[in-house]
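Trainee: Dropping the structure in here first, questions after.
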Amino acid sequence: GGGYIALSTGGLPPTLTLLTAAGLGGVELTPLGENMNGCNNTSVSNCIPSGPDRIQRGAAAGGEGGVLYGIAWSPYSPCPLAELSLLSWTLRPLPNRQVRHTWQLTSAFPLRNILIRMVEKRGSAISEASFFPSLTGEGIQPLLPGEYEALFYAQVEGGQLQLLERRPFRYEGLLLWQEGGNLYLTSPQDTEFVLFDTAGHLLAKGYVKEGETQVLPLEQFPTGFYYLQVGMETYRLPIQTK
């Protein structure tokens, strides 16, 4: 005969600890009702061997196991329990089939991974990108034109990936490049475009048709940063001229 109770801490989340106590005031006592070998349920504390994750009670061969007296266990952690949460997340369309993610997280645990998954709504295409695990950061992800469900995951050391937010996202797939002193613009739909400088001065405007390429000469503009508004989106462009 004989028996034991095991209280394992192996499956607890990070930083969570398990305290065990048996008997009043946490004193390890003999099983209730058994008064043998000097154990009297009151003052003798060495009747049940102690251990880091187990309080074990032995019994004589052939005898029945006993019931532990007044045992209790209590999980505890810093109060309040620290959480992993996403404070902010923005998705900014970029030209040439890219999207920029900017995020801010809060966590008392060290981060291990940040994963952003883009799931196409009308097909089976999935784009995944892992980024440096920082509480505040940004990263660029390649993306084809389409309608997506965007999912933000984060993982702490010793934990699993947690889904923190999901949202719809539509990417039009603007193509934009510079060559030979010109800016080339191709849009998947008919739209207007406007070019202005960092002071907000209008420099050029025009219209690009679906599937066609609009050419904008840049030689008259000095080298620097400019803003190109195409439809509802605005892009910050570094323009290099001679």
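Trainee: Taking strands (runs of 3 or more DSSP E) that fall entirely within region 116-193, which contain at least 3 residues that are within 20 Å of Q214 (Cα to Cα) and without any contact (Cβ under 8 Å) to a residue 40 or more places away in the chain?
Mentor: Hits in region 116-193: 182-186.
Trainee: Filter region 153-191 down to residues that are among the acidic types (D, E) and at pLDDT below 90 and give me whichever is farthest from Q229 (Cα to Cα).
Mentor: The extreme case among them is E157.
Trainee: Of the residues A125, A150, which single one is among the aliphatic types (A, V, I, L, M) and either at pLDDT 95 or above or touching a helix residue (DSSP H, G or I) at 6+ places or on another chain (Cβ under 7 Å) (or both)?
Mentor: Of A125, A150, the one residue that is among the aliphatic types (A, V, I, L, M) and either at pLDDT 95 or above or touching a helix residue (DSSP H, G or I) at 6+ places or on another chain (Cβ under 7 Å) (or both) is A150.
Trainee: Please enumerate the residues belonging to region 217-242 that are more than 19 Å from L94 (Cα to Cα) and either of a type in the set (A, V, I, L, M, F, W, C) or in a strand (DSSP E or B) (or both).
Mentor: Across region 217-242, the qualifying residues are P217, L218, F221.
Trainee: Let me ask another. I'd like the full set of residues that are among the acidic types (D, E) and either within 14 Å of L91 (Cβ to Cβ) or surrounded by 13 or more Cβ atoms within 10 Å (Cβ to Cβ) (or both), limited to region 112-156.
Mentor: Selection gives E120, E138, E147, E149.
Trainee: Look through region 208-229, keep the residues that are farther than 21 Å from G180 by Cβ and modelled with pLDDT under 90, and return whichever of them is surrounded by the most Cβ atoms within 10 Å (Cβ to Cβ).
Mentor: Step by step, filter region 208-229, then rank; the result is Q229.
Trainee: Restricting to region 196-217, name every residue that is within 17 Å of L174 (Cα to Cα) and not small (G, A, S).
Mentor: Result: K205, Y207, V208, K209, E210, E212, T213, Q214, V215, L216.
Trainee: Restricted to region 101-111, and to residues that are assigned to a strand (DSSP E or B) and out of contact with any Pro (no Cβ under 6 Å at 6 or more places or on another chain), which residue is surrounded by the most Cβ atoms within 10 Å (Cβ to Cβ)?
Mentor: Among residues in region 101-111 that are assigned to a strand (DSSP E or B) and out of contact with any Pro (no Cβ under 6 Å at 6 or more places or on another chain), the one surrounded by the most Cβ atoms within 10 Å (Cβ to Cβ) is W103.
Trainee: So, of the residues in region 56-100 that are modelled with pLDDT of 80 or more, in a strand (DSSP E or B) and of a type in the set (K, R), which turns out to be farthest from P168 (Cα to Cα)?
Mentor: So, considering only residues that are modelled with pLDDT of 80 or more, in a strand (DSSP E or B) and of a type in the set (K, R), the one farthest from P168 (Cα to Cα) is R100.
Trainee: Now for a different question. Being in contact with a Phe, Trp or Tyr (Cβ under 7 Å, 6 or more places away or on another chain) and either at pLDDT below 90 or among the small types (G, A, S) (or both): is that true of E233 here?
Mentor: Criteria not met by E233.
The values are calculated or read from the model by the stated rules, or taken from the named source; none is laboratory data. Nothing here was measured: the structure is a model prediction, and the numbers come from that model. FYI the Cβ positions are ideal-geometry reconstructions off the backbone, even for glycines, and counts take in every protein chain you see.
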